[in-house]
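Quick notes on the structure that follows.
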Amino acid sequence: MPRLAFERHVPHSPEHMFELVSDLAAYPQFIPNCTDMDVKADRGSTADVRYARMTIQFGPIQQAYTSRVLLDPVTRTITAKAVDGPFHHLDSVWTFAPEGDGAQIRFAIDFKIRNPLLRAVAEPAFAAKQNEIITAFAEEADRRYGRR
């Protein structure tokens, strides 16, 4: 049951990083292994809640799952919880804090895949890709907001 946490300083404001990570529909354009994303607002919620169906691919294995994503611009926090798909559970949290001339981004995720065969292949691949994913967000921020 992987529990992973990553931190990274980026030369962009916490608001810009929150905006970027909140742009769920754009993920297939820059996130490794993300091949599709379908995003729908939760119209019954008073908060900014979205349901995001992400399709990921590791080699020949392709899986889709839906997460309930809560975006809180006041605290600059994004939380996601899988509501279907191959996971026994998947919970993640992004936070963005001012730091020097930019932001400290933190990403924590706790997940477990139900199927033992899929788990044996996908969990190590996902864990290995996390630094690549954080780097993809930092590089996309440079493209969108310019290098500082």
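Brief remarks on what is shown
- Loop-located trypsin sites (Lys or Arg not before Pro) in the range 1-80 whose Cβ has at most 10 other Cβ within 10 Å (DSSP): ARG43
- Principal-axis analysis of the Cα atoms of the chain puts helix 116-145 at an angle of about 20° to the longest axis.
- Rg over Rh, two decimals, the chain (C-alpha only, Kirkwood Rh): 0.95
- Rounded to whole numbers, the Karplus 3J(HN,Hα) couplings from phi for the range 89-98 are 7, 8, 10, 9, 9, 10, 9, 9, 10, x Hz, using 6.51 cos²θ - 1.76 cosθ + 1.60 with θ = phi - 60°, and x at Gly and Pro.
- Amide H contacts for ASN115 (H built 1.01 Å from N in the peptide plane; partners 5 or more residues away or on another chain; cut-off under 5 Å): none found.
- Charge-dipole axis of the range 3-145 as Lys and Arg at +1 and Asp and Glu at -1 on Cβ define it, positive-most pick from GLN63, PHE107, LEU117: LEU117
- Summarising the label geometry, the points placed 7 Å from Cα in the beta-carbon direction at ALA5 and ARG68 lie 2.4 nm from one another.
- ASP84/ARG144 FRET efficiency (R0 41 Å; Cβ-Cβ; nearest 0.05): 0.85
Only the coordinates and a few stated rules stand behind these numbers; no lab work does. No experiment lies behind these values; they were computed from the predicted model shown. Every residue, glycine as well, gets a Cβ built from its backbone with ideal geometry; the counts of neighbours run over all protein chains shown.
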